[in-house]
Amino acid sequence: MTTLPATVFEKIIAGQLPADIVYKDDRVTAFRDIHPRAPTHILIVPNKVIATTDDIADGDEALIGHLVTVARDLARQEGIAKNGYRLIINCREHGGQEVYHLHIHLLGGRPLGPMVTDSPAGA
Ligand code: DGP
């Protein structure tokens, strides 16, 4: 069995790497993104390791729902719920995933523009 190296998010959850943590409970940790793309840019991550959305098990349904309700509550707390915001989960290479520990990006505080940048290759 191969043991994958711990990601930076595992280290943040374990308290081994500093981060601006805005919420934590026994299932979920949320902290501000180190390279914010919007006035509010928070990452909501499960405390247990799930590498990508493709690695979510059927038994994780309640946990994934919890990630979303935490995102909803943080959006209200940040004062961005009324104007709206965006939740993003990137998966693997084509999704642009950099850190292989499942996370939801909560982005808001300004108009966020088109969902995906158009490219000549098209959709
Ligand atoms: P993604 O591309 O979806 O895997 O996004 C990963 C995000 O994680 C990216 O926006 C930058 C953020 N990030 C990477 N390393 C760190 C870190 O050490 N601390 C914090 N707070 N965020 C990080």
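Where does each of 73, 118, 33 land when they are ranked from fewest to most other beta-carbon atoms within 10 angstrom? Can you show the working numbers first?
Working: 73 14, 118 8, 33 17.
Ordered from fewest to most neighbouring Cβ atoms within 10 Å, 73, 118, 33 come out as 118, 73, 33.
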Short to long, in 5 Å steps from zero, the percent of alpha-carbon pairs of the chain per bin is 2, 10, 20, 23, 21, 14, 7, 3, 1, 0
Taking N as its residue count, the alpha carbon Rg of the range 1-51 over 2.2 N^0.38 Å: 1.20
If amide H atoms are built 1.01 Å from N in the plane of the peptide, which residues on other chains or at least 5 residues away come under 5 Å of the amide H of residue 28? 47
What is the dipole size for the chain, taken about its Cα centre, with +1 at each Lys and Arg Cβ and -1 at each Asp and Glu Cβ, in debye to the nearest 20? 480
Using alpha-carbon positions, the gyration tensor of the range 56-102 gives root eigenvalues a ≥ b ≥ c; with a/c under 1.5 called rounded, otherwise prolate if a/b exceeds b/c, else oblate, the class is oblate
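Each reported figure results from applying straightforward, stated rules to the coordinates on display, with no laboratory input. None of these values were measured; they are calculated from a predicted model. So basically every Cβ, Gly included, is an ideal-geometry build from the backbone, and we count neighbours across all protein chains shown.
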